[in-house]
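Undergrad: Below: one structure in structure tokens.
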Amino acid sequence: MGTSEDRRVDEKGRVTIPQSIREALQIDPGEEVAVELEGDRIVIRSRISRERLVERLEGCVNGETRAEDADRIDPEDLKAEWTSDLPN
């Protein structure tokens, strides 16, 4: 199992995520997280913004890392597909 620290639920039902865990997951103050119930466990997952995803993926796919059988796609077509649900 991963990192674990005991925490107390306050009178408003809040629990503080330990700094070491926030840092490991790169959760910044004000950032949204997903809170889910999995069986008898509460799971808090980091949510990533599209901007952060782009920053993390930038440079990952290039001439050396691209699979030979991967479909070729124009970057503008890919951008349009990934952002088609966003307001103009």
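Undergrad: Taking only pairs six or more apart or across chains, which ones have beta-carbon atoms under 8 Å, a first residue in segment 36-61 that is surrounded by 10 or more Cβ atoms within 10 Å (Cβ to Cβ), and a second residue that is part of a helix (DSSP H, G or I)?
TA: As it stands, the answer is Ser46/Leu25; Ile48/Arg56; Arg50/Trp82; Arg50/Thr83, since those pairs meet every condition given.
Undergrad: Applying the selection to segment 1-35, what residues are touching a residue at least 12 places away in the same chain (Cβ under 8 Å) and part of a loop (DSSP other than H, G, I, E, B)?
TA: Thr3, Glu5, Ile17, Pro18, Gln26, Ile27, Glu31, Glu32
Undergrad: For segment 7-35, which positions are among the hydrophobic types (A, V, I, L, M, F, W, C) and surrounded by 11 or more Cβ atoms within 10 Å (Cβ to Cβ)?
TA: Across segment 7-35, the qualifying residues are Val15, Ile17, Ile21, Ala24, Leu25, Ile27, Val33.
Undergrad: Could you tell me how many of the residues in segment 62-88 are part of a loop (DSSP other than H, G, I, E, B) and either among the aromatic types (Phe, Trp, Tyr) or on the phi > 0 side of the Ramachandran plot (or both)?
TA: Residues in segment 62-88 being part of a loop (DSSP other than H, G, I, E, B) and either among the aromatic types (Phe, Trp, Tyr) or on the phi > 0 side of the Ramachandran plot (or both): 0 in total.
Undergrad: While we're looking at this one, here's another question. Residues in segment 48-59: is at least one outside any helix (DSSP H, G or I), within 20 Å of the chain's Cα centre (by Cα) and closer than 30 Å to Arg7 by Cα?
TA: Within segment 48-59 (the criterion being outside any helix (DSSP H, G or I), within 20 Å of the chain's Cα centre (by Cα) and closer than 30 Å to Arg7 by Cα), the answer is yes, since at least one residue qualifies.
Here, each number is a calculation from the coordinates, and none is a lab measurement. Just so you know, these numbers come straight off a predicted model, no measurement behind them. A quick note on method: Cβ atoms are made from the backbone with ideal geometry, for glycine too, and the neighbour counts reach across all protein chains shown.
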